[in-house]
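S.K.: Questions regarding the structure given below will be posed in turn.
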Amino acid sequence: MSNVFYRDPRHYYPQATRGEGVYLYDAAGHRYLDGSGGAAVSCLGHGHPAIIRAIQHQVAELAYAHTAFFTNAPQEKLAARLAQRYGEDDAKVYFVSGGSEANETAIKLVRQYWLARGKPDKTMIASRLYSYHGNTLGALSASGNVGRRGLFGPLLHDWPRIEPCYAYRHRRENETEEDYGRRAANALEDAILEHGADRIGAFIAETVVGATLGAVPGAAGYFRHIRDICDRHDILLILDEVMAGAGRAGTYFAFEQDGIRPDLVTIAKGLGGGYQPIGAVVAQSAIHDEIVEAFGHFEHGHTYIGHATACAAAMAVSDVLDDEELLTNVQRISALLVEGLKDAFGEHPNVGDVRGRGLLLGIELVADRATKGPMRPAVAPLIKEAAMTEGLIIYPGSGSADGTAGAHILLAPPFIYSPDNVDELIEKLGRALARVDLGSA
Ligand code: PLP
């Protein structure tokens with residue numbers, strides 16, 4: 001008998017007791033290789049001494065001081081670091097406690113920006129089907145994750161949602177990747193023409209779609225066209241890098257590889273690496289300045305924004321990325337993992353696609369490789385369980401084909417993986433897949 005309001009009260013959750021490097025341990029003494037950082041969170045693995053030291057030091061100095069009264073050194077340093085990584089020295093950074101809060105904050109920044117610019121009707125946030133931006137009602141309104149929206153439809157805003165850029169399923173056979181990227185981006189222009197640029201404040205997209213589709217980056221050129229369309233119609237571009245950012249894609253921001261810069265970018269999970277709950281919105285200085293000039297301040301706030309201990313932990317995570325040259329390791333391990341997955345499962349009758357960027361990788365499972373007939377969604381939880389039985393943590397999901405049908409496995413291992421860890425992951429994943437009847441599950 002427990003008093004915890006569990007995610008799923010019908011499910012048995014072993015008690016995690018310890019983490020060390022790429023492994024987690026439970027109370028029964030089982031050891032699990034972390035193959036997904038939980039939900040793409042634990043980028044440095046578990047128990048990293050530099051992060052523990054930074055947190056201990058900060059808690060002893062100053063754990064927290066409310067930002068209505070004070071600023072604090074960790075948030076100042078971290079904001080400067082993120083502005084520099086974003087590529088604009090004057091960019092402004094708003095710290096929150098997670099990904100949903102970050103996107104909710106971005107949506108409200110957009111609203112206040114357009115009010116400041118004298119365009120009060122630009123209230124809609126356009127987004128993509130099969131994407132996820134968070135569970136709070138604003139962020140969920142902009143999300144296309146069918147399952148997570150389901151029960152809450154009547155509470156959500158009816159904002160335009162376009163098809164995602166999803167080459168495996170949507171690129172035509174006679175189409176180059178570039179042509180497909182342009183066609184997929186044009187769906188945004190169509191939506192703008194339909195709903196009116198004077199009513200759309202921003203377009204939000206995951207640079208690499210994470211949990212909903214299983215690690216799907218834009219096709220070549222896609223985000224350059226999106227940037228161009230947003231600019232031509234005076235619509236802000238928000239990139240949600242809650243999952244793909246903070247190094248996971250192999251560059252600090254995933255958008256660096258798309259040759260563009262969004263007006264607002266949100267990050268969370270890997271920012272604190274699970275050592276502290278923290279998220280952030282990085283905003284172009286012009287957005288901040290318009291708001292401040294018109295209103296004096298941004299009408300927003302949470303009790304824990306700019307939390308000193310959370311910012312100190314995130315600053316230490318950022319330092320470790322640089323000191324241990326982990327972005328290089330992300331790229332090295334990514335190449336090994338993709339090659340290993342293709343070797344091990346490339347001919348598997350139920351593996352349709354292996355894809356992703358950096359250490360955000362997806363395996364799309366299918367019922368039929370030739371027709372790409374979707375896998376039954378019910379296999380996702382079975383694979384998760386089978387993997388845990390084999391001592392492996394992975395993040396399977398469902399709905400990858402059309403929002404409801406289909407299943408995939410998301411892999412997002414810590415950046416500190418060695419080649420041996422890659423071999424162990426692939427071996428355990430193979431054993432887990434063999435435990436599940438993919439043909440009739
Ligand atoms: N955006 C993306 C892309 C995510 O993957 C998630 C969480 O999975 C969120 C937003 C919401 O973040 P959080 O769960 O920290 O509120």
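The values are calculated or read from the model by the stated rules, or taken from the named source; none is laboratory data. Every value quoted in this text rests on a predicted model; they were computed, and no experiment measured them. For neighbour counting, all protein chains shown are included, and Cβ atoms are generated from backbone atoms with ideal geometry for every residue, glycine included.
S.K.: Which is crowded, with 17+ Cβ neighbours inside 10 Å and on the phi > 0 side of the Ramachandran plot, of Gly340, Gly273?
M.R.: Among Gly340, Gly273, only Gly273 is crowded, with 17+ Cβ neighbours inside 10 Å and on the phi > 0 side of the Ramachandran plot.
S.K.: Here is a further query. In segment 220-230, is there at least one residue being over 21 Å from Asp353 (Cα atoms) and within 14 Å of the chain's Cα centre (by Cα)?
M.R.: No.
S.K.: Let me ask you something else. State all residues of segment 396-441 that are of a type outside the set (D, E, K, R), under 11 Å from Leu382 (Cα atoms) and at pLDDT below 95; if no residue qualifies, say none.
M.R.: Leu438, Ala441
S.K.: Kindly indicate which of Leu156, Leu151, Leu129 is surrounded by fewer than 23 Cβ atoms within 10 Å (Cβ to Cβ) and in contact with a strand residue (DSSP E or B) (Cβ under 6 Å, 6 or more places away or on another chain). Even if it seems obvious, please write down each step before you answer.
M.R.: On the way: Leu156 fails: in contact with a strand residue (DSSP E or B) (Cβ under 6 Å, 6 or more places away or on another chain); Leu151 fails: in contact with a strand residue (DSSP E or B) (Cβ under 6 Å, 6 or more places away or on another chain).
One residue alone meets the criteria, Leu129.
S.K.: While we're here: Starting from segment 353-379, keep only residues that are on the phi > 0 side of the Ramachandran plot and in contact (Cβ under 8 Å) with a residue 40 or more places away in the chain, then list their pairs with residues that are part of a strand (DSSP E or B) and aliphatic (A, V, I, L, M) whose Cβ atoms are within a distance under 8 Å, requiring at least 6 positions of separation or different chains.
M.R.: Final answer for the pair search is Gly356/Val208; Gly356/Val216; Gly356/Leu411; Lys372/Val366.
S.K.: Pick out the one residue from Ile426, Ile416, Ile409, Ile393 that is among the β-branched types (Val, Ile, Thr) and under 17 Å from the mean Cα position of the chain (by Cα).
M.R.: Criteria check complete, one pass: Ile409.
S.K.: Which condition number in (1) crowded, with 21+ Cβ neighbours inside 10 Å; (2) not in a loop (DSSP other than H, G, I, E, B) is the one that Pro381 fails?
M.R.: With respect to (1) crowded, with 21+ Cβ neighbours inside 10 Å; (2) not in a loop (DSSP other than H, G, I, E, B), Pro381 is out only on (1).
S.K.: Restricting to segment 94-114, name every residue that is touching a residue at least 40 places away in the same chain (Cβ under 8 Å), more than 8 Å from the ligand (Cβ to nearest atom), crowded, with 22+ Cβ neighbours inside 10 Å and within 20 Å of His307 (Cβ to Cβ).
M.R.: Tyr94, Phe95, Val96, Thr105, Ala106, Leu109
S.K.: To continue, here is another question. For segment 35-50, how many residues are of a type in the set (Gly, Ala, Ser), touching a residue at least 60 places away in the same chain (Cβ under 8 Å) and more than 11 Å from the ligand (Cβ to nearest atom)?
M.R.: The number of residues fulfilling the criteria is 6.
S.K.: Look at segment 217-226 and say how many of its residues are touching a helix residue (DSSP H, G or I) at 6+ places or on another chain (Cβ under 6 Å), in a helix (DSSP H, G or I) and not aliphatic (A, V, I, L, M).
M.R.: Residues flagged as touching a helix residue (DSSP H, G or I) at 6+ places or on another chain (Cβ under 6 Å), in a helix (DSSP H, G or I) and not aliphatic (A, V, I, L, M) within segment 217-226 amount to 3.
S.K.: Further question on the same structure: Answer with yes or no whether Ala60 is more than 24 Å from Ala312 (Cβ to Cβ) and either among the β-branched types (Val, Ile, Thr) or more than 26 Å from the chain's Cα centre (by Cα) (or both).
M.R.: Here the answer is no, as Ala60 does not meet what is asked.
S.K.: Then there is this: Arg332 - would you say it is within 16 Å of the chain's Cα centre (by Cα), more than 16 Å from the ligand (Cβ to nearest atom) and surrounded by fewer than 24 Cβ atoms within 10 Å (Cβ to Cβ)?
M.R.: no
S.K.: Name the residues in segment 131-164 that are part of a loop (DSSP other than H, G, I, E, B) and more than 12 Å from the ligand (Cβ to nearest atom), would you?
M.R.: Selection gives Leu156, His157, Asp158, Trp159, Pro160, Glu163, Pro164.
S.K.: Here's a follow-up. Which one is farthest from Asp240 (Cα to Cα) among residues in segment 266-285 that are part of a strand (DSSP E or B) and within 11 Å of the ligand (Cβ to nearest atom)?
M.R.: Across segment 266-285, the extreme among qualifying residues is Gly279.
S.K.: Hey, another quick one. From Asp420, Asp368, grab the single residue that is out of contact with any His (no Cβ under 7 Å at 6 or more places or on another chain) and farther than 30 Å from Ala28 by Cβ.
M.R.: After applying the criteria, what remains is Asp368.
S.K.: Hey, among Ile229, Ile260, which residue is away from the ligand (no atom under 13 Å from the Cβ), part of a loop (DSSP other than H, G, I, E, B) and surrounded by fewer than 24 Cβ atoms within 10 Å (Cβ to Cβ)? Spell out the reasoning first.
M.R.: Details: Ile229 fails: part of a loop (DSSP other than H, G, I, E, B).
Going through Ile229, Ile260 in turn, just one is away from the ligand (no atom under 13 Å from the Cβ), part of a loop (DSSP other than H, G, I, E, B) and surrounded by fewer than 24 Cβ atoms within 10 Å (Cβ to Cβ): Ile260.
S.K.: Which of (1) within 18 Å of Gly399 (Cα to Cα); (2) surrounded by 15 or more Cβ atoms within 10 Å (Cβ to Cβ); (3) within 15 Å of the ligand (Cβ to nearest atom) is the odd one out, the single condition Ala167 does not satisfy?
M.R.: (3)
S.K.: Of all residues being part of a loop (DSSP other than H, G, I, E, B) and under 15 Å from Gly87 (Cα atoms) in segment 234-246, which is farthest from the ligand (Cβ to nearest atom)? Just the residue, please.
M.R.: The extreme case among them is Ala246.
S.K.: Out of the residues in segment 247-257 that are within 16 Å of the ligand (Cβ to nearest atom) and small (Gly, Ala, Ser), which is surrounded by the most Cβ atoms within 10 Å (Cβ to Cβ)?
M.R.: Ala249
S.K.: Go through (1) of a type outside the set (Phe, Trp, Tyr); (2) within 16 Å of the ligand (Cβ to nearest atom); (3) within 24 Å of Tyr395 (Cβ to Cβ); (4) crowded, with 24+ Cβ neighbours inside 10 Å and name the single condition Ala219 misses.
M.R.: (2)
S.K.: Identify, please: which residue in segment 63-94 is of a type in the set (D, E, K, R) and under 24 Å from the mean Cα position of the chain (by Cα) and is, among those, farthest from Lys269 (Cα to Cα)?
M.R.: Let us first name the residues in segment 63-94 that are of a type in the set (D, E, K, R), namely 76-77, 81, 85, 88-90, 92.
Subsequent filtering for residues that are under 24 Å from the mean Cα position of the chain (by Cα) retains 77, 81, 85, 88, 92.
On the way: Lys77: 19, Arg81: 17, Arg85: 17, Glu88: 22, Lys92: 19 Å.
Out of the qualifying residues, it is Glu88.
S.K.: Quick check on my filter: what residues within segment 115-130 are more than 15 Å from the ligand (Cβ to nearest atom) and in contact (Cβ under 8 Å) with a residue 24 or more places away in the chain?
M.R.: Leu115, Ala116, Arg117, Lys119, Asp121, Lys122, Thr123, Met124, Ala126
S.K.: Going through segment 165-176 one residue at a time, which ones are assigned to a helix (DSSP H, G or I) and among the charged types (D, E, K, R)? Show your work before the answer.
M.R.: Restricting attention to segment 165-176, the residues satisfying the condition of being assigned to a helix (DSSP H, G or I) are 167-170.
Correct list: Arg169 only.
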